[in-house]
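Encoded as structure tokens, the structure appears first; notes follow it.
The values are calculated or read from the model by the stated rules, or taken from the named source; none is laboratory data. In this text the structure is predicted, and so the values were computed from the model without any measurement. Positions of Cβ are generated from backbone atoms using ideal geometry, with glycine treated the same way; all protein chains shown enter the neighbour counts. Ligands, DNA and RNA are excluded from the accessible area calculation, which covers all protein heavy atoms including side chains. Shrake-Rupley method; radii C 1.70, N 1.55, O 1.52, S 1.80 Å.
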Amino acid sequence: MRCPCCSEKLYVECCEPFHLAKAIPKTAEQLMRSRYSAYVLHKVDYIVKTTIPAQQTKLDVVAITTWSEQTDWQGLRVLKYKPISGVPQAKVEFEAYYQEDGECKTHHEVSTFVRIQGRWYFKDPTV
């Protein structure tokens, strides 16, 4: 099966090693793509584990699960990947396409990612 992150790679060669904890994303873009795939495949534990540790217990896991399961994910497009000079952070701008209640929608976001002890994490602005 093709990877849900729209990389044109097979899932087993792309996001699956991250989801199975056999590898860690080397870039913030890889982490963002693997998180999108986790939403598509309902891997909520991965979404939680890849959020910055200080925010993990504050996440609304029920809401994340509901959105993951009730959304018909259609695709992902990375618009821009920008490492931030001088600090272990990066920004990823993307659009996630989905259908909800029969309506096509786009989720546009500029996400911040932080590298802590060699691992990339998503920094949730809502927490």
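General remarks:
- Using the Karplus relation 6.51 cos²θ - 1.76 cosθ + 1.60 with θ = phi - 60°, the per-residue 3J(HN,Hα) values for the stretch 73-88 come to 6, 10, x, 9, 9, 7, 8, 7, 10, 9, x, 9, 4, x, 9, x Hz, with x marking Gly and Pro.
- Cα gyration tensor category, rounded, prolate or oblate, for the stretch 25-105 with a/c compared to 1.5: oblate
- For the chain, the longest principal axis of the C-alpha atoms and the axis of helix 61-70 are separated by about 40°.
- With a Förster radius of 25 Å applied to the beta-carbon distance between GLU93 and VAL62, the computed FRET efficiency rounds to 0.35.
- Extension gain, LYS9-ILE116: 0.36 nm per intervening residue step, less the Cα-Cα distance, totals 35.8 nm.
- Between LEU20 and MET1, full extension at 0.36 nm per residue minus the direct alpha carbon distance yields a gain of 5.2 nm.
- Counting charges near ALA90 (Lys, Arg +1; Asp, Glu -1) among other residues having Cβ under 12 Å from its Cβ returns a value of +4.
- Span from the the stretch 69-87 Cα centroid across to the the stretch 1-48 one, whole angstrom: 12 Å
- Inter-site label distance for CYS104 and ARG77 at 7 Å from Cα along Cβ, in nm: 1.1 nm
- Measuring nothing but protein heavy atoms, the accessible surface of the stretch 4-57 at 1.4 Å probe radius is 55 percent carbon and sulfur.
- Axis angle, to the nearest 10 degrees, between helix 28-40 and the longest C-alpha principal axis of the chain: 30 degrees.
- Highest-first arrangement of 104-115, 56-67, 88-99, where packing means the average Cβ count within 10 Å: 88-99, 104-115, 56-67
- Solvent-accessible area per residue, Å², over the chain with all protein chains present [probe radius 1.4 Å]: 59 Å²
- Separation in nanometres of the label points that stand 7 Å from Cα toward Cβ, at THR27 and VAL127: 2.5 nm
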